[in-house]
Amino acid sequence: MEINGAQLFVRYAYPPNSRGSCGPPDSDALLHYGQSGVTDAGLRELAKGFAGAWPYLELIAGATGNPDPLDYAVVEAYWVGNTLLDSVGVCSIGNSMEDRFRARTGHQFPHLMEGVLAGGVPHHSFHVLEIYPWTGLLRDDRRSSTALNVLDQCRIRWGEVVAVEGDSAPRALAAPGVGRDGAVAGGTGDRDGPVRRGRVGLHR
């Protein structure tokens, strides 16, 4: 079964959404869309509710002349990366960061921009590891341990499928050094599913 970009988005967005880490509060609706495979205007509205991810999807789509932020290649570019990211210029990324984060980060904003100038791209890992730390949580000793845990959970890592039990999702061992198992979020660039063996993307 071939999946489209909206369904790929669901696979990566649902795990953190179900924990309340990002996106709209109705994670059950997102789960329903993933289980049913239905793609409609309601799913698009749910995707727009992800204030972190959606602007990046729009940025990538706009830079590549694609009218659909939920096109498969655009969604793939944001979550796990592909050549579309090469088409998003530094000025476009910088302007987006200015609009979204200057007011929130205040005098820390130049540090955030250093990441853009050093080669940052509109990718999920960039948002988690570069943007998130400058929004304040990691500088609060009372919340730093929680923030570091969120960083670890939010980043996408590779894993190896080791078992499939009935109709349930495959279980995968996380990459060496990560130290925890995770549910499969997506495949390795193959649009056919479900994944049975091999490396996969894990998003807790």
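Just a few scattered comments:
- The lone criterion from (1) aromatic (F, W, Y); (2) within 21 Å of H123 (Cβ to Cβ); (3) out of contact with any Phe, Trp or Tyr (no Cβ under 8 Å at 6 or more places or on another chain) left unmet by Y33 is number (2).
- Only a single item in (1) touching a residue at least 12 places away in the same chain (Cβ under 8 Å); (2) part of a helix (DSSP H, G or I); (3) open to solvent by 10 Å² or more (accessible area, probe 1.4 Å) is not met by C91, and it is number (1).
- Residues of segment 1-14 that are open to solvent by less than 60 Å² (accessible area, probe 1.4 Å) and in contact with a strand residue (DSSP E or B) (Cβ under 6 Å, 6 or more places away or on another chain): Y12 alone.
- Check on P67, open to solvent by 20 Å² or more (accessible area, probe 1.4 Å) and closer than 19 Å to C154 by Cβ: no
- The one condition in (1) part of a helix (DSSP H, G or I); (2) more than 14 Å from the chain's Cα centre (by Cα) that D68 fails to fulfil: (1)
- Search result, residues across segment 19-53 that are surrounded by 15 or more Cβ atoms within 10 Å (Cβ to Cβ), polar (S, T, N, Q) and in a helix (DSSP H, G or I): S27
- Any hit, segment 103-122, residues being open to solvent by less than 50 Å² (accessible area, probe 1.4 Å), within 16 Å of A61 (Cβ to Cβ) and in contact (Cβ under 8 Å) with a residue 60 or more places away in the chain: yes
- When V116, V74 are checked against the criterion of being closer than 19 Å to L8 by Cα and in a helix (DSSP H, G or I), a single residue qualifies: V74.
- When segment 1-22 is limited to residues that are farther than 16 Å from V128 by Cβ and charged (D, E, K, R), the one that is nearest to the chain's Cα centre (by Cα) turns out to be R11.
- Pair list, Cβ under 9 Å, 6 or more apart: segment 30-48 residue on the phi < 0 side of the Ramachandran plot and basic (K, R), other residue in a helix (DSSP H, G or I) and surrounded by 14 or more Cβ atoms within 10 Å (Cβ to Cβ): R44/A6; K48/W54
The values are calculated or read from the model by the stated rules, or taken from the named source; none is laboratory data. Treat the numbers as computed from the prediction; the structure is a model and nothing was measured. For neighbour counting, all protein chains shown are included, and Cβ atoms are generated from backbone atoms with ideal geometry for every residue, glycine included. Please note that ligands, DNA and RNA were not included when accessible areas were found on the heavy atoms of the full protein model with its side chains. Shrake-Rupley method; radii C 1.70, N 1.55, O 1.52, S 1.80 Å.
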